[in-house]
1. Mind telling me which of the residues A:E142, A:E163, A:E187 ends up being within 25 Å of A:I85 (Cα to Cα) and open to solvent by 70 Å² or more (accessible area, probe 1.4 Å)?
2. What number of residues within region A:60-105 satisfy the criterion of being over 21 Å from A:A42 (Cα atoms), facing another protein chain (nearest Cβ under 7 Å), open to solvent by 10 Å² or more (accessible area, probe 1.4 Å) and assigned to a helix (DSSP H, G or I)?
3. Out of everything in region A:18-45 that is open to solvent by 20 Å² or more (accessible area, probe 1.4 Å) and in contact with a helix residue (DSSP H, G or I) (Cβ under 9 Å, 6 or more places away or on another chain), what residue ends up being farthest from the other protein chains (Cβ to nearest Cβ)?
4. Out of all the residues in region A:87-96, is one or more closer than 24 Å to A:E182 by Cα, of a type outside the set (D, E) and at pLDDT 95 or above?
5. Out of B:V226, B:V212, report the one residue that is surrounded by 14 or more Cβ atoms within 10 Å (Cβ to Cβ), within 16 Å of B:T65 (Cα to Cα) and β-branched (V, I, T).
6. So which of B:G161, B:G133, B:G102, B:G145 ends up being under 19 Å from the mean Cα position of the chain (by Cα), more than 16 Å from B:E213 (Cα to Cα) and among the small types (G, A, S)?
7. Take the residues of region B:158-208 that are more than 14 Å from every other protein chain (Cβ to nearest Cβ), touching a residue at least 60 places away in the same chain (Cβ under 8 Å) and small (G, A, S): which is surrounded by the fewest Cβ atoms within 10 Å (Cβ to Cβ)?
8. Say whether the condition of being in a helix (DSSP H, G or I), within 25 Å of A:I50 (Cβ to Cβ) and more than 9 Å from chain A (Cβ to nearest Cβ) is met by at least one residue in region B:143-156.
Amino acid sequence: MPTKWVLHWHPNAGSTANSQILNDISQCIESINGVRDGRWKAVVTFYKPIVRDQAMVAEFPRDFLGISIPDEPYKYYFVVRGQRIIVEADVSIQAIMDKLQSYKLRVMLNFEGLQYRLGDFRVRVGKVFPSHSESMRGIVMEVEYLPISSIEQSKQIMKEFLEIVQETLSNKSLPGQFTHTEPNFAEYGLSDQYTSQHAAIQYSTVMAQLIASSQLAQAGRN
Amino acid sequence: MKLILNSIGLDDWKKNSGELGCCSIVFLLRNAILFRRSFRVFDYGMASRVEGTFHECVVQGIIQTEHVEALEILLQGLCGVNKERLRIHELCLKSSPNLGNGTSEFRLICDLEQLPEPTWTLRHIGGAMRGAGAEQLAVLVRSVGESKVSKQALRLFNALGYRLDHELLRVGFSFNFQRGAQITVTVSSVNKMLKLHAVDEAVPVTPGLQLVEVTAPASADNYTEVAAAVCSFCEYLAPLLHLSKPGVSTGVVPTAASAAASFMSDGGGTTL
């Protein structure tokens, strides 16, 4: 599988992600000859344990996520970030988890938007919003370099491509920028060759960053 | 032995051919409710692939180890396909006491025969189909959920509050063929591990006895036809073993020895 970076929009202090910023980002991608070639969607679900004694809830992980990604429609991924666990399963695992009645959905977040092709790169830009509401909680961007599967070997070219994108975005004077934090994949037992499990981990990392940004923004407002 | 029996809540031992023999028979039959060669893909098309749950018709029985070779010859002739080797490490996980509205359990099944590395499947057995129609059938029809999972699944479910209840190693062979339904016949010895996860040091739970299971996937629309196909096939195995619903113990067939001798000398059965 080609290597991919998943980045989230880090708004400047006092600003939040909104549709206008998303439109501006899309226009920037198109201005550097990005050719629109479809839509994409990913879903991240936070689970919480069903416990008989609420005092014992701390026994169970608070960061248990289920993730579906656009490149693998028949797969589902579980991540427990705190313990660096990633499991790939068939999409049917969700029905089994329902039957087990031990965990339930706490919140589901959709990642949706447009995808573009730029030479050897594929770029996906989209908004993040809860399943029960259209209110935008963030913006993400996927950058995929199609010829290479080695994470290490693709680092330099990904960095250079991102610099071009950031420079184009800076011309619009947008109140924020995309940031990329590469997870330590080795801690999850993964190798240098990029797989869909790497992608799921990146989405879980982006989720954590979006939550942290949101909490910071909330603290600032208070 | 008692520990394992207690752990699966066994409480009805039939006096038949000695207490240990009874324990062995009933243990095998009870425990076999939870087993199938789970990495078989029964393709019901996209809907089933996505849903991952289906119905399954199942009967089981026991056979003495000395007659397994004759059974293999018979099955080879009946099925017309080659046997597949079986070496399955099966871990039964149960929820910890505070988790969930009630106790939940499932199996993690590791296929040790797969190369280059073992594959894992999560298997959840739902309830048996109820009602007069289902109860009149000679097979058990139950709901099953299955999903392939990657190798950190055990670690994941430990982190989520599931504990290892018991583990087994099943060694044997299976035949998978089409005859009115997609039928799988599995013949295996059930082995326990003396140390945690030590599959290379497993010992038979019931030396001298092996478990035979016949399964076929079904849907809510066709389970009677599938059940009929399974029953029809099982009649061919009657000289060597009795097959019945899980939980209904029928013991070994008294004439199995002579039937086995016959099959060994003939070298095969009827090709369908």
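The values are calculated or read from the model by the stated rules, or taken from the named source; none is laboratory data. The model shown is predicted, which means the values in this text are computed figures rather than measured ones. Note that each Cβ is placed from the backbone with ideal geometry, even for glycine, and that neighbours are counted across all protein chains shown. Side chains included, ligands, DNA and RNA excluded: accessible areas come from the protein's heavy atoms. Shrake-Rupley method; radii C 1.70, N 1.55, O 1.52, S 1.80 Å.
1. A:E187
2. Number satisfying all stated conditions: 2.
3. Out of the qualifying residues, it is A:S31.
4. yes
5. B:V212
6. Just a single option satisfies the conditions, and that option is B:G145.
7. Filtering first and then ranking leaves B:G208.
8. Yes, because at least one residue in region B:143-156 is in a helix (DSSP H, G or I), within 25 Å of A:I50 (Cβ to Cβ) and more than 9 Å from chain A (Cβ to nearest Cβ).
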